[in-house]
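The values are calculated or read from the model by the stated rules, or taken from the named source; none is laboratory data. Keep in mind the model is a prediction, meaning the values are calculated, not measured. Ideal geometry is used to build each Cβ from the backbone, glycine not excepted, and the neighbour counts take in all protein chains shown. For accessibility, only protein heavy atoms count, side chains too; no ligands or nucleic acids. Shrake-Rupley method; radii C 1.70, N 1.55, O 1.52, S 1.80 Å.
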Protein chains: 4
Amino acid sequence: MAIRSDLALEAVEAFLQRQRVEEAPGIQVDREEKEGEILIQRVKVVDERGEELTGKKKGTYVTLTSQSFRERRKDQQEKLARVLSREIQGLLPRSGMSVLVVGLGNQEATPDSLGPRVVKKLLVSRHLAPKMPKDYEGELGTLSAIAPGVLGQTGIETKDVILGITKEIRPDAVLAVDALAAGSIQRIGSTIQLADTGIRPGSGVGNARAEITKEALGVEAVVAIGIPTVVHALTIARESLLAFLQQKNQFQDNLDAFLEEHLAPVMGHLMVTPKEIDSLMEDMGAVVAAGINAAVHPAVAREESLL
Amino acid sequence: MAIRSDLALEAVEAFLQRQRVEEAPGIQVDREEKEGEILIQRVKVVDERGEELTGKKKGTYVTLTSQSFRERRKDQQEKLARVLSREIQGLLPRSGMSVLVVGLGNQEATPDSLGPRVVKKLLVSRHLAPKMPKDYEGELGTLSAIAPGVLGQTGIETKDVILGITKEIRPDAVLAVDALAAGSIQRIGSTIQLADTGIRPGSGVGNARAEITKEALGVEAVVAIGIPTVVHALTIARESLLAFLQQKNQFQDNLDAFLEEHLAPVMGHLMVTPKEIDSLMEDMGAVVAAGINAAVHPAVAREESLL
Amino acid sequence: MAIRSDLALEAVEAFLQRQRVEEAPGIQVDREEKEGEILIQRVKVVDERGEELTGKKKGTYVTLTSQSFRERRKDQQEKLARVLSREIQGLLPRSGMSVLVVGLGNQEATPDSLGPRVVKKLLVSRHLAPKMPKDYEGELGTLSAIAPGVLGQTGIETKDVILGITKEIRPDAVLAVDALAAGSIQRIGSTIQLADTGIRPGSGVGNARAEITKEALGVEAVVAIGIPTVVHALTIARESLLAFLQQKNQFQDNLDAFLEEHLAPVMGHLMVTPKEIDSLMEDMGAVVAAGINAAVHPAVAREESLL
Amino acid sequence: MAIRSDLALEAVEAFLQRQRVEEAPGIQVDREEKEGEILIQRVKVVDERGEELTGKKKGTYVTLTSQSFRERRKDQQEKLARVLSREIQGLLPRSGMSVLVVGLGNQEATPDSLGPRVVKKLLVSRHLAPKMPKDYEGELGTLSAIAPGVLGQTGIETKDVILGITKEIRPDAVLAVDALAAGSIQRIGSTIQLADTGIRPGSGVGNARAEITKEALGVEAVVAIGIPTVVHALTIARESLLAFLQQKNQFQDNLDAFLEEHLAPVMGHLMVTPKEIDSLMEDMGAVVAAGINAAVHPAVAREESLL
């Protein structure tokens, strides 16, 4: 099918809706939580049936939903950074791990620049460790970061860059930050997905690359943090037709086939992003960086304001 | 209606299609031309009936269509710059006019940054005139340029900025460059519209501002050069439903009302732009600047390559 | 003389030192103040003798000196913004004036980009006035802003741009922000000069342009805010030779002539800026914008943190 | 001594001048060549005596001198790119090598951004090799590239990043591009140094890091390409005093000690760069990238224009 989402939650919801069922095989849906206006949903893909159904790998997916980016409300973004920080810690096997952040994506392409933007705002500390005074122990964790660029800029598979660096500096965990594709225009700028399953760079923008997993890298954990910034134009078409059919009480057996045959030739592989993408990226980059800084550095977490 | 296009040609085509007629009252459609792969279409809005029908002011609208931006083909972009240069000259009342280029839009918002990008690439010459050696007469025209920013950045209506400057430096003509909204996703990055009707800054992105016309500015001509960079998400919905209905031989009386009622609440005022907007803007800015430089400066026009 | 400074204080100090006197004719030096680590010095050029001696126009010059930029200390920058805000208010004839900020300089040239950077960070409000709810009266002042670019970018004298806009929107006062040239490398990034004398755009970087004064613009006040970001390489040479001669108890009658004859041919018109200019500009832009925002908007001034 | 140069040629010249000799032990100076206005000088550091004398490692240093950047002459920059391309090939052990370009430096600091700028303009091809049609063999070489950022941004020694990547992708040769510090203000923007000796990242801006050599990386060659963009302020002081003393026929035994004692406290570790650094960097980045592209890709080298 032409329409793709990088969000596990969307895949599960689409299945439940399509099948008009309450539960999906191989999927475990946790109780939702609300923290202020932030909705926290946890989904586990537990076995192969779940993997096939969602197209996502086994593991835990945490989805944070908030309108704070679209509405540019700083106070809510502050709260989101705090929740994000806690959820990152929740997906790391233990506290005090040394962390390498990998900022995936292309800083020259605004909707794909989340990773590089986050890296620029991190408080890296790994190089300071040897000179750190005694008193600072327990204040700053060990954080390093790199934004390796994309295959078209480097000629090198991102996995090879990360693998090479990981072998040299041996972090305990890798955090991979990336822009994602959503299956619904509503999700853009309103969702953060965390996963403990690793990442496939480029999957969000069309090309699957070699996977970056904890096994591949030889680290204890790979946590992926992603925010949807683009949707297929076909996704908007699909949403519109579904709304139309529902309204008319019509039923279309093979909507995806229709889309593929009659709209894909017109809309092609076009992916779109909101007109306000520059300011969205600025805010998103700041919140994700703040969440990571607070998750790694106790001294940052204690500050009143993270942003 | 929620869906808006800044392209006169789209307005005319929509009317003809809706009414299943061949001609529109108050509109004069010229013979199309092809120049290589570039399609040149000329439409005149000749009276009030045409104004009402299109929502566009009386005057001449030239639409250039080319796939050179989307396909990033430099040779075709070169040809497009050449055609653009000629069409700009065609809309100016006479040759040798002193020209002020106004780059409208917000350089901090990628899809709205066409104007400021063009200004950065212009060969301004107005300040050189007093020191120009005799031999250069007839080589360089008189070009000045400003990118005044948008109302939200300056607190000043763009028209007031332009009017104030125009009164001080008295150019013969003003060229206003701006990013536009299209009524079809196909138009993004494939169309350049020229018009001799002046411009309303902000109309392309939602807010109508005071008009910039030759009468208002006291100049001989105001030529607008625009490229669509955004569409309403509702536009994509509309295109999809039209394709669906046509395919099913269904007919929907009041599609726009349906969109307004059932999809506008979901998609809101969201406008979208292609994921590749950064590289599109770079190429578009270069072509428009090259077209203007060649239209104003004979020495540039004689060069083998404009880009 | 080849070596030039845009700082009135430097001109006065140089005269006093050269003449080995305590007072300069036509110059009135006020008592210095200290506010924390910030030194505040006020100099008045009172008549023609003072003008000739300093090369600066009649009026009040306030010089703030602080190491907060070079040392990147945010707490001190916060205090500096507060003092700057108060001094801006001190140079405006009355409170509640509507203000147009003009950000002079070239945003494409890092050391010359102070003005455009400041404009990007201002809270412009002039366009909001008609829609402002009653309760907001007395909260937000009337602020507009423009960064017109430099002559080489626009082909238009900056004065003409400012004059044209001023005639249209009629502000009570104009604040002109610009990067300056200092006469000593120590001054770069450590000094803010305010003056109520207007400004000559481009004087800081080599070319004198038409003056921007309250008389020329027809406004009640023109306050200039400048920070030195460059020095002539010859200035460094001069400082070095003076130190050498002093140390050797030698005396050089005509040091400037020597510099002109023997070093100018080698160093030419080269002006230099510190290697760290990007981060300096970022901090300076933020402090100046914060000072202006707080000077104009009571609601901003009441906030705990300006930056 | 506080004053440092990254240019081997300057070190040799300083020695010859200081000692008033014609030859330096352990140094071999080749005949100079002129190619149009470009001066090509080759110096070999042949043994330990040469290393001690210059502070540079054994190997070949090629210095290209041209005023094309300062004077912004595109035709001369074109010629410089051509000569650079040939000299890069001359320092590589054989043709057809797969090359990894490492763009050292900090893209957020203009005078230190040469490496990242060059990387953005390279025609990377390594990832295309598997899909390359037969006809393209011999047209495109194998080029990959990365701009890893600096220690303060990543928390990782640059050497570790390069070493890790090199082990994964096994290039035949590494080209390291970096901004340098010169010992004379004349050298900024007028010199390109090539060396087959490897590189120490950060040496150009104050901190020595682990060396990047062919032995350390396990590749056949490491060629360094550097352009001076900064000088110590003390360097300018030194040049000025030397000129003064020479003019006065005075002699100062211990000039460096004087500088250290009397000027270093005032000027500190300040390094400066020309006011025009933004446009200089733009041109330099384009020329170095063009030189590399032409050195690696036969199809590029055959084009009429490299820039």
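Quick one: would you say residue A:288 is buried (at least 23 other Cβ atoms within 10 Å of the Cβ) and not in a helix (DSSP H, G or I)? No: the conditions fail for residue A:288. Taken together, the residues in region B:157-171 that are open to solvent by less than 40 Å² (accessible area, probe 1.4 Å) and at the interface with chain C (Cβ under 7 Å from one of its Cβ atoms) amount to 6. Only one entry of B:212, B:192, B:227 meets the criterion of being open to solvent by less than 10 Å² (accessible area, probe 1.4 Å) and either within 14 Å of chain C (Cβ to nearest Cβ) or of a type in the set (Lys, Arg) (or both), and that entry is B:212. Being in contact (Cβ under 8 Å) with a residue 40 or more places away in the chain, out of contact with any Asp or Glu (no Cβ under 9 Å at 6 or more places or on another chain) and in a loop (DSSP other than H, G, I, E, B) is a condition met by no residue of region D:227-248. Counting only residues that are over 25 Å from the mean Cα position of the chain (by Cα) and more than 7 Å from chain C (Cβ to nearest Cβ), region B:118-139 holds 12 of them. Residue-level check: of (1) touching a Ser or Thr at 6+ places or on another chain (Cβ under 8 Å); (2) within 12 Å of another protein chain (Cβ to nearest Cβ); (3) open to solvent by less than 30 Å² (accessible area, probe 1.4 Å), residue D:268 misses just (1).
Being facing another protein chain (nearest Cβ under 10 Å), open to solvent by 20 Å² or more (accessible area, probe 1.4 Å) and either at pLDDT 95 or above or over 18 Å from the mean Cα position of the chain (by Cα) (or both) is true of residue C:108.
The set of residues in region D:121-157 that are without any contact (Cβ under 8 Å) to a residue 40 or more places away in the chain, farther than 23 Å from residue A:122 by Cβ and of a type in the set (A, V, I, L, M) comprises D:124, D:128, D:129, D:132. In this entry, residue C:307 is excluded by the filter for residues that are free of Cβ contacts under 8 Å to residues at least 40 places away in the same chain and among the aliphatic types (A, V, I, L, M).
Would you confirm, using the coordinates I've provided, whether residue C:101 is within 13 Å of chain B (Cβ to nearest Cβ), within 16 Å of the chain's Cα centre (by Cα) and either in a helix (DSSP H, G or I) or surrounded by fewer than 24 Cβ atoms within 10 Å (Cβ to Cβ) (or both)?
no
Of all the criteria given as (1) more than 14 Å from chain D (Cβ to nearest Cβ); (2) surrounded by fewer than 21 Cβ atoms within 10 Å (Cβ to Cβ); (3) among the acidic types (Asp, Glu), the one not satisfied by residue A:239 is (2). When the residues of region D:276-307 are filtered to those that are within 23 Å of residue D:186 (Cα to Cα) and β-branched (Val, Ile, Thr), the one that is farthest from the other protein chains (Cβ to nearest Cβ) is D:287.
A Cβ distance below 6 Å, combined with a sequence gap of six or more or placement on separate chains, defines the contacts here; from region A:36-55, residues that are farther than 12 Å from residue A:8 by Cα reach residues that are open to solvent by 70 Å² or more (accessible area, probe 1.4 Å) and not in a strand (DSSP E or B) in the pairs A:36/A:79. Against the numbered list (1) at pLDDT 85 or above; (2) of a type in the set (A, V, I, L, M); (3) within 25 Å of residue B:65 (Cα to Cα), residue B:212 comes up short only at (3). With the structure loaded, tell me whether residue A:257 is assigned to a helix (DSSP H, G or I), in contact with a Ser or Thr (Cβ under 8 Å, 6 or more places away or on another chain) and either within 24 Å of residue A:60 (Cβ to Cβ) or open to solvent by 30 Å² or more (accessible area, probe 1.4 Å) (or both) or whether it fails that test. Spelling it out, it is not the case that residue A:257 is assigned to a helix (DSSP H, G or I), in contact with a Ser or Thr (Cβ under 8 Å, 6 or more places away or on another chain) and either within 24 Å of residue A:60 (Cβ to Cβ) or open to solvent by 30 Å² or more (accessible area, probe 1.4 Å) (or both).
For region B:64-76, the set of residues classified as open to solvent by less than 60 Å² (accessible area, probe 1.4 Å) and either farther than 16 Å from residue B:188 by Cβ or free of Cβ contacts under 8 Å to residues at least 12 places away in the same chain (or both) consists of B:76 only. Which ones in region A:7-36 are over 21 Å from the mean Cα position of the chain (by Cα) and either open to solvent by less than 60 Å² (accessible area, probe 1.4 Å) or farther than 23 Å from residue A:189 by Cα (or both)? Correct list: A:16, A:17, A:18, A:19, A:20, A:21, A:22, A:23, A:24, A:25, A:26. The conditions of being buried (at least 23 other Cβ atoms within 10 Å of the Cβ), in contact (Cβ under 8 Å) with a residue 12 or more places away in the chain, among the polar types (S, T, N, Q) and facing chain C (nearest Cβ under 9 Å) are met by residue D:273. Comparison of A:221, A:264, A:237, A:233 shows that the only residue that is farther than 25 Å from residue B:272 by Cα and of a type outside the set (Val, Ile, Thr) is A:221.
Condition check ((1) among the charged types (D, E, K, R); (2) closer than 16 Å to residue B:124 by Cβ) across all residues:
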| site | (1), (2) |
| --- | --- |
| B:257 | no, no |
| B:264 | no, no |
| B:267 | no, no |
| B:271 | no, no |
| B:282 | yes, no |
| B:288 | no, yes |
| B:293 | no, yes |
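Restricting A:93, A:116 to those that are open to solvent by 20 Å² or more (accessible area, probe 1.4 Å) and touching a strand residue (DSSP E or B) at 6+ places or on another chain (Cβ under 6 Å) reduces the list to A:93. Answer yes or no: is there a residue in region A:172-189 that is more than 7 Å from chain D (Cβ to nearest Cβ), crowded, with 20+ Cβ neighbours inside 10 Å and closer than 18 Å to residue D:152 by Cα. No, because not a single residue in region A:172-189 is more than 7 Å from chain D (Cβ to nearest Cβ), crowded, with 20+ Cβ neighbours inside 10 Å and closer than 18 Å to residue D:152 by Cα. Scanning region B:119-156 for residues that are acidic (Asp, Glu) and buried (at least 22 other Cβ atoms within 10 Å of the Cβ) yields no hits at all.
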